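Chemist: Got a structure here, written out as structure tokens. Questions coming.
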Amino acid sequence: MMAIVAGMTALLAYLLDPAINEIFVNRNQTALWAVPAAVVASAIVKSVADYIQSVQMSYVGQRIVADTQLSLFDNFMRADLAWIHDIHSGRLISAFLYDAGLLSDAVSKGVVGLLRDAVSVLMLIGVMYYQNWQLALVASVGFPVAAFVMRRLGRKTRKVSGKAQAETGTLSSLLTERFDGTRLVKAYGREADELATVTASVERRLGHLMRGVRTKAATVPLNDAVGAVAIAAAILYAGLQAQSSEMSFGGFTSFIAAMIMAYQPLRSLSTLNNTWQEGLAAADRVFAMLDVKPKVADAPDAPDIAVARAEIVFEDVHFAYNDGTPALKGVSLTVPAGKTVALVGPSGGGKSTTINLIPRFYDPTGGRILIDGQDIKGVTLASLRRAMALVAQEATLFDDTIASNIAYGRPGAPQSQIEAAARAAAAHDFIMGLPQGYDTVVGESGVKLSGGQRQRICIARAFLRDAPILLLDEATSALDTESERQIQATLRGLMKGRTTLVIAHRLSTIVDADCIHVVEGGRIAESGSHDELIAKGGLYARLYAQAEAE
């Protein structure tokens with residue numbers, strides 16, 4: 001369709017020659033009807049083709065946005081936690097919403113420019129050379145100059161656009177943090193300071209955008225000036241030829257029309273170059289994210305894990321973060337099938353790292369982890385994670401119904417099972433007291449519920465998951481004493497018959513654990529039951545005494 005648009009544009013310029021020479025000079029009656037009919041037919045064909053290509057290219061552009069956003073989201077969902085933690089969510093949102101749109105404009109408008117405007121220019125130049133090749137050579141001197149201008153300004157546009165996009169990511173990060181921390185900002189009276197911080201980012205972004213605007217705004221006037229000089233030179237040369245009767249008026253009119261019509265798509269190409277450069281700058285950022293491959297992935301031909309007893313064994317496990325900071329230094333421990341093992345110790349000792357290695361949020365840098373004798377790096381991630389349920393300190397809920405949040409680990413679970421899980425988590429009564437019961441939407445991050453209610457829903461989610469391995473990462477540390485006491489009762493029901501690994505902040509909650517490991521400095525400092533560790537009088541005994549004193 002774009003090729004047809006270009007062809008009809010050139011044909012309309014060419015028809016001026018027979019229109020003038022045959023109708024007005026030669027008084028040709030046949031041409032009097034044929035030429036206008038040809039003009040109308042050409043215009044209709046051009047208009048229909050232009051409509052079709054416009055609709056199709058709009059679809060292509062929007063499809064590119066959708067596909068790029070889906071690819072970014074898919075890559076993010078599959079990415080390693082270490083990479084996710086290194087990139088601020090604001091940058092990801094900026095790439096998702098802003099950069100994908102720029103990339104779409106570059107491709108959709110770029111295709112239009114290359115296939116329609118570029119072909120139109122070539123065909124119109126062909127008309128010019130057909131009418132008078134000497135005159136066409138004179139007029140064509142402006143094209144390389146225009147190309148040089150486009151190239152220079154395009155480089156500057158790409159550089160400025162890259163800075164503007166980077167600042168957009170920074171601004172998005174700032175806004176995300178400030179919106180999440182509104183309560184803290186107000187509590188400490190920092191509204192004016194935060195406004196100054198965001199203002200500085202907004203002004204920097206505005207500066208980059210305006211430099212880009214000035215660069216883009218200069219493109220068309222400069223090319224217009226070059227075009228005007230070329231047209232003036234062509235008129236002067238044609239005028240000299242016309243005085244010696246070497247060129248007909250119709251041929252000259254057709255030539256000038258083709259030349260003027262050629263400069264319009266050429267102007268479009270000049271502005272298109274700016275769009276290309278902005279898209280290339282966006283592509284640098286988007287594809288940098290898409291090219292990141294997860295390090296934690298399935299081994300080739302990895303089988304599903306077969307969990308019968310659900311015994312977990314750590315064999316001399318080491319782990320260090322990307323910056324080389326060691327977190328675990330040779331941890332060896334066993335979580336017997338159906339038993340409860342607790343990890344306690346000072347903050348930063350490696351407890352959370354230990355529990356995060358089991359579902360392979362990270363992979364150990366040394367040693368191995370076995371479940372029922374199977375190295376977890378040799379089985380599929382999906383089957384490994386299906387075998388466990390996680391209840392963390394942060395009660396993560398989505399802005400959806402209570403039923404959907406409970407069934408998150410088992411999509412499509414029947415309502416009867418959802419309610420049974422809620423009853424087991426001591427959540428059914430308060431849920432039924434809500435306006436829409438299980439259909440109540442909890443709000444962003446469950447803001448409409450109390451902390452204890454949110455945690456009960458997370459525990460109900462774990463009940464419904466019904467996995468043989470249970471991971472509790474300080475599941476009650478954010479709750480008040482009364483809520484914690486109530487949650488502990490439901491947790492004991494959840495832990496029954498499951499292999500459970502618990503990280504506890506309050507030591508009183510794990511005194512009944514089958515085994516307690518004290519983790520300090522990335523190593524197991526002490527191990528034993530609560531009574532055994534108290535009798536030893538070591539680190540655990542001191543921590544417990546401090547907790548009791550508080």
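The values are calculated or read from the model by the stated rules, or taken from the named source; none is laboratory data. Fair warning: this is a prediction, and the values are worked out from it, not measured in the lab. Every residue, glycine among them, receives a Cβ derived from its backbone with ideal geometry; neighbour counts consider all protein chains shown.
Chemist: Inspect all residues belonging to region 239-247 and state whether any of them is modelled with pLDDT of 70 or more, in a helix (DSSP H, G or I) and either farther than 23 Å from residue 148 by Cα or under 37 Å from the mean Cα position of the chain (by Cα) (or both). Step through it out loud before you land on a result.
Modeler: To start, the set of residues in region 239-247 that are modelled with pLDDT of 70 or more comprises 239-240.
From what's left, in a helix (DSSP H, G or I): 239-240.
Retained after the next criterion (residues that are either farther than 23 Å from residue 148 by Cα or under 37 Å from the mean Cα position of the chain (by Cα) (or both)): 239-240.
Yes, there is a match, as at least one residue in region 239-247 is modelled with pLDDT of 70 or more, in a helix (DSSP H, G or I) and either farther than 23 Å from residue 148 by Cα or under 37 Å from the mean Cα position of the chain (by Cα) (or both).
Chemist: Right, another one. Output the residue which, of all residues in region 1-31 that are over 20 Å from residue 257 (Cα atoms) and over 49 Å from the mean Cα position of the chain (by Cα), is surrounded by the most Cβ atoms within 10 Å (Cβ to Cβ).
Modeler: At the first step, the residues of region 1-31 found to be over 20 Å from residue 257 (Cα atoms) are 1-2, 26-30.
Those still in the list that are over 49 Å from the mean Cα position of the chain (by Cα) too: 26-30.
Numbers: 26: 12, 27: 9, 28: 15, 29: 10, 30: 9.
Per the stated criteria, the residue is 28.
Chemist: Could you please give the count of residues in region 383-414 that are over 19 Å from residue 448 (Cβ atoms), without any contact (Cβ under 8 Å) to a residue 40 or more places away in the chain and of a type in the set (Gly, Ala, Ser)? Don't jump to the end; show me each part of the working.
Modeler: Of the residues in region 383-414, the ones over 19 Å from residue 448 (Cβ atoms) are 383-393, 409-414.
Those still in the list that are without any contact (Cβ under 8 Å) to a residue 40 or more places away in the chain too: 385, 411-412, 414.
Filter once more, so that each one left must be of a type in the set (Gly, Ala, Ser): 412.
Looking only at that region, the number is 1.
Chemist: Looking at 389, 395, 320, 407, which one is surrounded by 18 or more Cβ atoms within 10 Å (Cβ to Cβ) and over 16 Å from residue 474 (Cβ atoms)? Even if it seems obvious, please write down each step before you answer.
Modeler: Numbers: 389 fails: over 16 Å from residue 474 (Cβ atoms); 395 fails: over 16 Å from residue 474 (Cβ atoms); 320 fails: surrounded by 18 or more Cβ atoms within 10 Å (Cβ to Cβ).
After applying the criteria, what remains is 407.
Chemist: Determine if region 64-79 includes at least one residue that is more than 42 Å from the chain's Cα centre (by Cα) and either more than 30 Å from residue 298 (Cβ to Cβ) or surrounded by 16 or more Cβ atoms within 10 Å (Cβ to Cβ) (or both). Before the answer, list the steps.
Modeler: Step one: of region 64-79, the residues more than 42 Å from the chain's Cα centre (by Cα) are none.
No, the conditions are met nowhere in region 64-79.
Chemist: List every residue pair whose Cβ atoms sit under 8 Å apart, with the two residues 6 or more apart in sequence or on different chains, where the first one lies in region 28-42 and is more than 11 Å from residue 15 (Cα to Cα) and the second, anywhere, is surrounded by 12 or more Cβ atoms within 10 Å (Cβ to Cβ).
Modeler: What qualifies is 28/22; 32/23.
Chemist: Now for a separate question. So, residue 90, is that one at pLDDT below 75, over 18 Å from residue 176 (Cα atoms) and not charged (D, E, K, R) or not? Explain how you work it out, then say what you get.
Modeler: Working: at pLDDT below 75: yes; over 18 Å from residue 176 (Cα atoms): no; not charged (D, E, K, R): yes.
No.
Chemist: What strands (runs of 3 or more DSSP E), lying completely within region 280-361, carry at least 3 residues that are over 27 Å from residue 544 (Cα atoms) and at pLDDT 85 or above? Quick ask: steps written out before the conclusion?
Modeler: Working: elements: 312-320, 326-335, 340-344.
So the answer is 312-320.
Chemist: Can you name every residue in region 403-430 that is assigned to a loop (DSSP other than H, G, I, E, B) and touching a helix residue (DSSP H, G or I) at 6+ places or on another chain (Cβ under 6 Å)?
Modeler: Result: 410, 413, 425, 426, 427.
Chemist: List every residue pair whose Cβ atoms lie under 7 Å apart, where the two residues are 6 or more positions apart in sequence or sit on different chains, the first residue falls within region 130-154 and is under 15 Å from residue 257 (Cα atoms), and the second residue, located anywhere, is polar (S, T, N, Q) and in a helix (DSSP H, G or I).
Modeler: Matching pairs, first to second residue: 131/254.
Chemist: State the number of residues belonging to region 141-190 that are basic (Lys, Arg), at pLDDT 75 or above and closer than 19 Å to residue 98 by Cβ.
Modeler: The number of residues fulfilling the criteria is 3.
Chemist: So for region 426-449 (the condition being under 28 Å from residue 356 (Cβ atoms), surrounded by fewer than 16 Cβ atoms within 10 Å (Cβ to Cβ), without any contact (Cβ under 8 Å) to a residue 12 or more places away in the chain and out of contact with any Gly (no Cβ under 6 Å at 6 or more places or on another chain)), does at least one residue qualify?
Modeler: yes
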